[in-house]
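First the structure, in the form of structure tokens, and then the observations on it.
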Ligand code: HH2
């Protein structure tokens, strides 16, 4: 899954693809580089980000979603807002990527059920505004597992089958560095949920804290190291900004795996 943030303020590419033509071009380039899905977002969910109103979020993403879907690209929409989700699905998106796991507004859950779309259910403690203010867990892997299991059950209850779902432990969403590392080490646990396991570690700040690289755009080696580690533990959907580099790393990983 390649990322296009049509935002002025995303943590690693804010402002880069804010003009609709730039967003479309970026999405096409990611698909050409080997992304199976292009994830389009119009609201940053970085720590401390404030919410964007639905009309503005639609204005940002709809031209990009429409153009990419017309090209036959499988588009996911990264939103917590049912109005935005409805408009994006009508414009041709096929997947809801919701960092609130369809809890921010129950209307999103019903939209996914009714439209036959797929969904990525992401764990987040709190909201982006405050999620990094002293996050706490009893046992981070178990707590996140129980939450995601509950969300899969809630989806099944409205008719969304697990084969339309991916679960994502939400790296960096209300987690300390230790929580994030424990989740990566414990990824295999999430395979028991019977859905695709997804992960977004790409360029994230805690990787830079480990390696000492302050510039998100330079964190490609860090992102690849964490991504390949995750693939070895069952992750099958990687959300990344650097698709070409990831595809090349994956080619080697796959060649080694099949020997
Ligand atoms: N991370 C971000 C946004 N959406 N979706 C999933 N499924 N998993 C993630 O880990 C995830 C996500 C945050 O990264 P980004 O979109 O690059 O930045 P921003 O939120 O600042 O736009």
**Prompt:** What is the chain's relative contact order, in percent, from Cα pairs under 8 angstrom and six or more apart in sequence?
**Reply:** 16
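Quick check on the chain: helices-only [θ] at 222 nm, where DSSP H runs of length 4 and up contribute -39,500 (n - 2.57) each and the sum goes over total residues. Nearest 500, please. Provide the component values of the computation, followed by the final result.
Numbers: 9 runs with 111 residues, N = 259.
Result for the chain, helices only: -13500 deg cm²/dmol.
Using 0.36 nm times the number of residues separating residue 22 and residue 9, minus their current alpha carbon distance, what extension gain do you get?
Values: separation 13, 0.36 × 13 = 4.68 nm, distance 1.53 nm.
Extra length available between residue 22 and residue 9 comes to 3.2 nm.
Calculate the FRET efficiency for residue 181 and residue 146 from the Cβ-Cβ distance with a Förster distance of 22 Å, rounded to the nearest 0.05. Let's see the in-between values first.
Details: r = 20 Å, r/R0 = 0.89.
So, using R0 = 22 Å, E works out to roughly 0.65.
I need the peptides 243-254, 121-132 ranked by packing, meaning the mean over residues of other C-beta atoms within 10 angstrom, with the highest value on top. Don't skip to the end; give the middle numbers.
On the way: 243-254: 16.0, 121-132: 20.3.
In descending order of packing, they fall as 121-132, 243-254.
Starting from the Cα gyration tensor of the chain, take the square roots of the eigenvalues, sort them a ≥ b ≥ c, and report rounded, prolate or oblate (rounded when a/c is under 1.5, otherwise prolate if a/b is larger than b/c, else oblate). Before the final figure, lay out the partial values.
Values: a/c = 1.25, a/b = 1.09, b/c = 1.15.
Because its axes are fairly even, with a/c under 1.5, the chain counts as rounded.
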**Asked** Could you give the nm distance between label points at residue 153 and residue 213, where each point is 7 Å from its Cα heading toward the beta carbon?
**Response** 4.1
**Request:** Mind giving me the nanometre distance, one decimal, between the label points for residue 29 and residue 71, set 7 Å out from Cα along Cα→Cβ?
**Result:** 1.1
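Quote the relative contact order of the range 51-106 in percent (integer), defining contacts as alpha-carbon pairs under 8 Å separated by 6+ residues.
On the way: 66 pairs, mean separation 20.3, N = 56.
For the range 51-106, the relative contact order is 36 percent.
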**Request:** Return a whole-number percent for the relative contact order of the range 36-175, with Cα pairs under 8 Å and 6 or more residues apart as the contact set.
**Result:** 23
**Asked** Once you sort the root eigenvalues of the Cα gyration tensor of the range 138-235 as a ≥ b ≥ c, which label holds: rounded (a/c under 1.5), prolate (a/b larger than b/c) or oblate (the other case)?
**Response** prolate
**Prompt:** For residue 258 and residue 50, FRET efficiency with R0 = 51 Å and r from the beta-carbon atoms, rounded to 0.05?
**Reply:** 0.65
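Readers should treat all values here as calculations from the given coordinates under stated rules, not as data from a laboratory. Model, not experiment: these values are computed from the prediction. For neighbour counting, all protein chains shown are included, and Cβ atoms are generated from backbone atoms with ideal geometry for every residue, glycine included.
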